[in-house]
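Taking it in order: structure first as structure tokens, then the write-up.
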Amino acid sequence: MDGDPAVEPELDRFSRILPLPYRVALIIVMGIWAWGLNLHYLSLIRIDVPSLIRYPARNSPHHPPHYLSCYRVALSLTVPLVLSLLLFWSLTNGSPADIAAWEILPNLYLLVLVIGFIVPIPFVSRNGRHRTLATLKRISIGGIAEAQDGKFGDILLADALTSYAKVLGDLFISLCMFFSSKHSSTGPPNRNCGGFFWVPFIISIPSLIRLRQCLTEYLRVQKANKQTGQISAATGWGGVHLANALKYSTAFPVIILSAMQRSPNPSKYGMSEAALFRLWLAAVFVNSAYSFWWDVSRDWDLTLLLSKKERENPEYPYGLRRHRWFHAKEFYYAAIVVDAMLRCTWSFKLSPHLDHFNDLEGGIFLMEALEVLRRWIWIFFRVETEWVVRNHRGPAPDDILLGDFASASNKFDEDD
């Protein structure tokens, strides 16, 4: 398989063009541009994202809008990335020996990327930078702010990290190979670098963060109900948070079984490769189906996957909801279709012609980029849902019991 060191020790063509460190950097920078586009479009349709995530407001009309600051950060990281790539290509000219010899270039850029997040940048708000770093620090251990302190922002960032899980794994692999005397970080990616444990663990961290956040919210609801002596009509008993925690926990069997399949000797686990594949297939199907249902029914508050009565309600288009901020209903249907397709990219493994696609280095990069695209689309509709709920004084989607979901949705007013 292309890019698998156990099978193909030679450097594949794609890795000669984009070595692993550059791929990691490219997807991170793509994500920053994508967030800027999220902020820009949502501001054009009068959705105030900074107020939703409790981000510091602009104190003067002369200050640039938030999306422009994001574009500037993205541009300041893109220019050195392009220059570094051009220099790398001119020095190596596709030669595996030269690519290994100049591995310092892409790793220097990764250092620039890290410094860009830590060191103050002149055109980035100091308060905004401090808030971003504080949020990253809080969620890095699974923490989550109270609603009035920016809980929604914590959830958005932590959910975005789940889409970067494999990118984080590649970052670890790249650094592991760079500091290893046996490998070059620009050589064929050794996805077993660091042993069996570390890469799956790194990939699991974003889901562990969201799992802990969900459990924290459940405990908060229980504590609040205990103090009042009754179950809150707005938050219920917290069952939705346990259901959300269960969703994130379905990622762990997929990660573990994927690591077992990648082992040089899968039979040591007491089952055949075919049996491992069938277990992985079942696990990934459950994870994808549950996550897709949650995207549509919970995060976007749409009725398509709920009961027939709810999705065929004559008060709103089929499968949507009564109040919508995006006036074109086709936006919602298109988002549902794209989300379903990108949640099921694992199905390539079922095709006799595409079963090795996810093992090719180019295929791995494409899957990671498509997941960032899926998350970019998801953010538009997740933020829109939060805006609709808050402007109609209803409970936030994360605080609605599963059984009360439809009734809460029906409380929205008609679209303007």
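The values are calculated or read from the model by the stated rules, or taken from the named source; none is laboratory data. None of the values given here were measured: they were computed from a predicted structure. Virtual Cβ from ideal backbone geometry, glycine too; neighbours counted across all protein chains shown. Note: accessible area is taken over every heavy atom of the protein model, side chains too, but ligands, DNA and RNA are not part of it. Shrake-Rupley method; radii C 1.70, N 1.55, O 1.52, S 1.80 Å.
Suppose we filter the stretch 280-297 for residues that are under 19 Å from Pro317 (Cβ atoms) and in contact (Cβ under 8 Å) with a residue 60 or more places away in the chain; how many remain? Write out each step before concluding.
Filtering the stretch 280-297 down to residues under 19 Å from Pro317 (Cβ atoms) leaves 295-297.
Okay, now just the ones that are also in contact (Cβ under 8 Å) with a residue 60 or more places away in the chain, so 295, 297.
Counting residues in the stretch 280-297 that are under 19 Å from Pro317 (Cβ atoms) and in contact (Cβ under 8 Å) with a residue 60 or more places away in the chain gives 2.
In this structure, does Lys151 turn out to be at pLDDT below 95, more than 24 Å from Glu361 (Cβ to Cβ) and open to solvent by 30 Å² or more (accessible area, probe 1.4 Å)? Give the derivation first.
Numbers: at pLDDT below 95: yes; more than 24 Å from Glu361 (Cβ to Cβ): yes; open to solvent by 30 Å² or more (accessible area, probe 1.4 Å): no.
So Lys151 fails the test.
Which one of these does Arg54 not meet: (1) of a type outside the set (Gly, Ala, Ser); (2) within 29 Å of Ala147 (Cβ to Cβ); (3) free of Cβ contacts under 8 Å to residues at least 40 places away in the same chain; (4) surrounded by 15 or more Cβ atoms within 10 Å (Cβ to Cβ)?
(3)
Anything in the stretch 69-100 that is among the aliphatic types (A, V, I, L, M) and touching a residue at least 12 places away in the same chain (Cβ under 8 Å)? List them, or say none.
Correct list: Val73, Ala74, Leu77, Leu81, Leu85, Leu87, Leu91, Ile99, Ala100.
Out of the residues in the stretch 62-81 that are part of a loop (DSSP other than H, G, I, E, B) and surrounded by 12 or more Cβ atoms within 10 Å (Cβ to Cβ), which is farthest from the chain's Cα centre (by Cα)?
His63
Quick one: count up the residues across the stretch 42-67 that are touching a helix residue (DSSP H, G or I) at 6+ places or on another chain (Cβ under 7 Å) and among the hydroxyl-bearing types (Ser, Thr, Tyr).
3
In this structure, does Tyr67 turn out to be modelled with pLDDT under 95 and on the phi < 0 side of the Ramachandran plot?
yes
Could you please let me know if Ile45 is closer than 21 Å to Gly362 by Cβ and surrounded by fewer than 19 Cβ atoms within 10 Å (Cβ to Cβ)? Don't jump to the end; show me each part of the working.
Values: closer than 21 Å to Gly362 by Cβ: no; surrounded by fewer than 19 Cβ atoms within 10 Å (Cβ to Cβ): yes.
It is false that Ile45 is closer than 21 Å to Gly362 by Cβ and surrounded by fewer than 19 Cβ atoms within 10 Å (Cβ to Cβ).
When the residues of the stretch 176-204 are filtered to those that are in a helix (DSSP H, G or I) and touching a residue at least 24 places away in the same chain (Cβ under 8 Å), which remaining residue is surrounded by the fewest Cβ atoms within 10 Å (Cβ to Cβ)? Break it down stepwise before answering.
Of all residues in the stretch 176-204, those in a helix (DSSP H, G or I) come to 176-178, 198-204.
Narrowing further to those that are touching a residue at least 24 places away in the same chain (Cβ under 8 Å): 177-178, 198-200, 202-204.
Working: Met177: 24, Phe178: 19, Trp198: 15, Val199: 25, Pro200: 17, Ile202: 20, Ile203: 24, Ser204: 21.
My answer is Trp198.
Given the conditions (1) more than 20 Å from the chain's Cα centre (by Cα); (2) surrounded by fewer than 20 Cβ atoms within 10 Å (Cβ to Cβ), and given that Leu168 satisfies all but one, which numbered condition is not satisfied?
For Leu168, the failing item is (1).
Quick one: count up the residues across the stretch 82-98 that are open to solvent by 40 Å² or more (accessible area, probe 1.4 Å) and more than 17 Å from Ile27 (Cα to Cα). I'd like the intermediate steps shown before the answer.
Of all residues in the stretch 82-98, those open to solvent by 40 Å² or more (accessible area, probe 1.4 Å) come to 82-83, 86-87, 89-91, 93, 96-98.
Within this subset, residues satisfying the condition of being more than 17 Å from Ile27 (Cα to Cα) are 86-87, 89-91, 93, 96-98.
So the count comes out to 9.
Out of Leu219, Leu211, which single residue is surrounded by fewer than 17 Cβ atoms within 10 Å (Cβ to Cβ) and assigned to a helix (DSSP H, G or I)?
Leu219
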